[in-house]
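The values are calculated or read from the model by the stated rules, or taken from the named source; none is laboratory data. Because the structure is a prediction, the values reported are computed rather than measured. Cβ placement follows ideal geometry from the backbone for every residue including glycine, while neighbour counts extend to all protein chains displayed.
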Amino acid sequence: MKLADEAIRKTERRRVGGLVAALLVMAACLCGSVRAQTPSQVQKDEQRLFEAGQAALDQARYDEAIRSYNKLLVLVARDRQMLATVHVKLGYVFVAQRNFERALAEFQQATVLDPDYAVAFNNLGEAQGELKHYNRALESFNRAVAIDPKLSRDSVAQKRAPTLRSPRRRTDSTSAGTG
């Protein structure tokens, strides 16, 4: 019985080892093909995915938009500002789906990647407001306006900010620390 168990373990190790080797070869091929692209080809791919994501979002094809934007995240992994932009775009998709928790996470990620991205803070405030985290929403709107004062005139969210301050809407006394 011991010999049979040992033979099974060896066979399993060989299979796992073979799978790992195959995965490493595939990864090397993929990395090699990405490296072989010229900067202009990479930029074209980025632009194509960005436009495909936007077109899918505009046409309410949300799963397709998410796929395009997720692929784009991989391509722009070293560009923090572009990463932030893509996270905002993903946030828009989740807002359109009324999935405000996921939208909030995307907008938060964008603000971490680019702390001077006023639009990300404005959208973060919108998601927080939808989740009834009014105090945090107001902080996000204020941060957005501090970064870009033009938002105080132009933003629909900022126009809503006075209603976020009203006592009847402030039912989030416990969520102020959790939102």
Could you list, in sequence order, all residues of the range 59-94 that are within 24 Å of Phe121 (Cβ to Cβ), of a type outside the set (Gly, Ala, Ser) and either in contact with a strand residue (DSSP E or B) (Cβ under 6 Å, 6 or more places away or on another chain) or exposed (fewer than 12 other Cβ atoms within 10 Å of the Cβ) (or both)? Arg78
Could you list all residues from the range 103-151 that are among the hydrophobic types (A, V, I, L, M, F, W, C), more than 11 Å from His87 (Cα to Cα), surrounded by fewer than 24 Cβ atoms within 10 Å (Cβ to Cβ) and touching a residue at least 12 places away in the same chain (Cβ under 8 Å)? Ala118, Val119, Leu131, Leu138, Val145, Ile147, Leu151
Here are the criteria: (1) surrounded by 16 or more Cβ atoms within 10 Å (Cβ to Cβ); (2) at pLDDT below 95; (3) of a type in the set (S, T, N, Q). Tell me which single one Thr38 does not satisfy. (1)
Among (1) modelled with pLDDT of 90 or more; (2) farther than 23 Å from Asp58 by Cβ; (3) in contact with a Lys or Arg (Cβ under 6 Å, 6 or more places away or on another chain), where does Ile147 come up short? (3)
Looking at Arg136, Arg102, Arg153, Arg168, which one is at pLDDT 95 or above and either over 24 Å from Leu57 (Cβ atoms) or outside any helix (DSSP H, G or I) (or both)? Arg136
